[in-house]
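The values are calculated or read from the model by the stated rules, or taken from the named source; none is laboratory data. Fair warning: this is a prediction, and the values are worked out from it, not measured in the lab. Counting neighbours? That spans all protein chains shown, and the Cβs are built from the backbone with ideal geometry, glycine included.
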Amino acid sequence: MTQLLAGDIGGTKTILRWLEANDSEDLTVRYEMVYPSQQYDDLVPMVNLFLQEAAQKTQTKPEPQRACFAIAGPVVGGTSELTNLGWKLSETRLSQALNLKQVTLINDFAAIGYGIPGLAPQDLSDLQAGEAVPTAPIAVIGAGTGLGQCFVIPQANGRSRVFPTEGGHADFAPRTALEFRLLEYIQESRGLSHVSAERIVSGQGVVAFYQFLRDRESMAEDPSVAQVIRSWETAEEYSDEQPDPGATIAQAAPTNSLCERTMALFCEAYGAETGNLALKLLAYGGVYLAGGIAAKNIDRLSNGGFITAFCNKGRMEPLLKRMPVQVILNQQVGLIGAGLYAATQMDS
């Protein structure tokens, strides 16, 4: 029985999990805890506290040999700098400080890719049935604070390799006259020459659609929503204590035409960008939507606009219709992926 540590490290919170593994796919969770990241000056004291608490709660001393931590940021050469925390992490330092045989740092979106095989049927919601080809590439996309994208390639040994990308920073491709006006609006109001897909398909994109429809299409605001948006627009920097403007818009959509139109256009743009990724990869293994925006807007994504835009690729439409498209409901998929990745290192 091999003991492992898995972690999902974010700027606001970090989730740590102590696991026991019989093999690379049979994992048992022994203990799990969430910590406020900002209250620690490094990951090491947090992990040490976690192991102490795990021993007290379970009456068993944890003795992990390997760990994998998913990082909300780039990982280069086994190192990562979390600028919003002031942390500088390295695999070598962590393995020595925590007395572990091996520590691996991976990008948090790559961890989602590794976590997909560990999801149960109830962790997923179908947007398009399709018919998955087990040996084909898998596409993963997730709109949130930004727009994460990665792809998964199944291997002959039954495992998979995950490749993170920066596809969210590719150009936004407007499809309609209204989206061309949106592009011009963002370029002019933000002073940008390059508008990425991430500026449209993300939480900031929800707000951008709203502002465009308000300012250029003269749609009327709901006073309570307007107050949140104005507060966000005038704030020198955003605080977690402020209401989330994108979430406010989504919540008000059923009773306000401006918010409703915003969310409809956003879902179509999300579908179009997801189709772009799927088409580039020929993702017959499946297309997965990660992140809180998709999970919280299942009904909107299911009403037809998303899939219509996903498949609307001219002569390539029949290919897109063959691909399964699912929303990941389990927001711990990255933590699951970190655990599964740590388990695969047992053979190395």
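Here are the numbers for the structure shown:
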{"item": "Asp299 free of Cβ contacts under 8 Å to residues at least 12 places away in the same chain and of a type outside the set (A, V, I, L, M, F, W, C)", "result": "yes"}
{"item": "Boolean, Leu51 is touching a residue at least 60 places away in the same chain (Cβ under 8 Å) and buried (at least 16 other Cβ atoms within 10 Å of the Cβ)", "result": "no"}
{"item": "Condition check for Pro134: farther than 15 Å from Leu289 by Cα and out of contact with any Gly (no Cβ under 6 Å at 6 or more places or on another chain)", "result": "yes"}
{"item": "Residue satisfying all of: in region 179-204; loosely packed, with under 13 Cβ neighbours inside 10 Å and in a helix (DSSP H, G or I); modelled with the lowest pLDDT among these", "result": "Arg190"}
{"item": "Out of Leu340, Leu320, Leu289, sole residue that is in contact with a strand residue (DSSP E or B) (Cβ under 9 Å, 6 or more places away or on another chain), surrounded by 16 or more Cβ atoms within 10 Å (Cβ to Cβ) and in the same structural domain as Gly73 (by TED's automatic domain parsing)", "result": "Leu340"}
{"item": "Boolean, Ile138 is hydrophobic (A, V, I, L, M, F, W, C), more than 30 Å from Val195 (Cα to Cα) and under 16 Å from the mean Cα position of the chain (by Cα)", "result": "no"}
{"item": "Failed item in (1) under 21 Å from Asp171 (Cα atoms); (2) among the aliphatic types (A, V, I, L, M); (3) under 23 Å from the mean Cα position of the chain (by Cα), with Ala295 passing the rest", "result": "(1)"}
{"item": "All strands (runs of 3 or more DSSP E) inside region 52-129 with 2 or more residues being in contact with a Lys or Arg (Cβ under 8 Å, 6 or more places away or on another chain) and not small (Gly, Ala, Ser)", "result": "79-82, 102-107"}
{"item": "Filter pass, Leu147 being over 22 Å from Trp232 (Cβ atoms), in contact with a strand residue (DSSP E or B) (Cβ under 8 Å, 6 or more places away or on another chain), surrounded by 15 or more Cβ atoms within 10 Å (Cβ to Cβ) and aliphatic (A, V, I, L, M)", "result": "no"}
{"item": "Members of region 56-93 found to be over 25 Å from the mean Cα position of the chain (by Cα) and surrounded by 15 or more Cβ atoms within 10 Å (Cβ to Cβ), listed by number", "result": "Pro62, Pro64, Gln65, Arg93"}
{"item": "Out of Phe209, Phe163, sole residue that is of a type in the set (Phe, Trp, Tyr), outside the structural domain of Gly73 (by TED's automatic domain parsing) and over 27 Å from Arg300 (Cα atoms)", "result": "Phe163"}
{"item": "From the options Leu100, Leu16, Leu5, Leu82, residue that is in contact with a helix residue (DSSP H, G or I) (Cβ under 6 Å, 6 or more places away or on another chain), at negative phi and not charged (D, E, K, R)", "result": "Leu16"}
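Yes/no per residue for (1) free of Cβ contacts under 8 Å to residues at least 60 places away in the same chain; (2) of a type outside the set (Gly, Ala, Ser); (3) touching a Lys or Arg at 6+ places or on another chain (Cβ under 8 Å):
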{"site": "Thr248", "(1), (2), (3)": "yes, yes, no"}
{"site": "Ala252", "(1), (2), (3)": "yes, no, no"}
{"site": "Leu258", "(1), (2), (3)": "yes, yes, yes"}
{"site": "Leu265", "(1), (2), (3)": "no, yes, no"}
{"site": "Ala272", "(1), (2), (3)": "no, no, yes"}
{"site": "Leu279", "(1), (2), (3)": "yes, yes, yes"}
{"site": "Ala283", "(1), (2), (3)": "no, no, no"}
{"site": "Gly291", "(1), (2), (3)": "no, no, no"}
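Residues are listed down the side, and each one gets a yes or a no for (1) of a type outside the set (Ser, Thr, Tyr); (2) over 19 Å from Glu268 (Cβ atoms); (3) at pLDDT 95 or above; (4) surrounded by fewer than 16 Cβ atoms within 10 Å (Cβ to Cβ):
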| position | (1), (2), (3), (4) |
| --- | --- |
| Asn107 | yes, yes, no, no |
| Pro134 | yes, yes, no, yes |
| Ala139 | yes, no, yes, no |
| Phe151 | yes, yes, yes, no |
| Pro154 | yes, yes, no, no |
| Pro164 | yes, yes, no, no |
| Pro174 | yes, no, yes, no |
| Ala177 | yes, no, yes, yes |
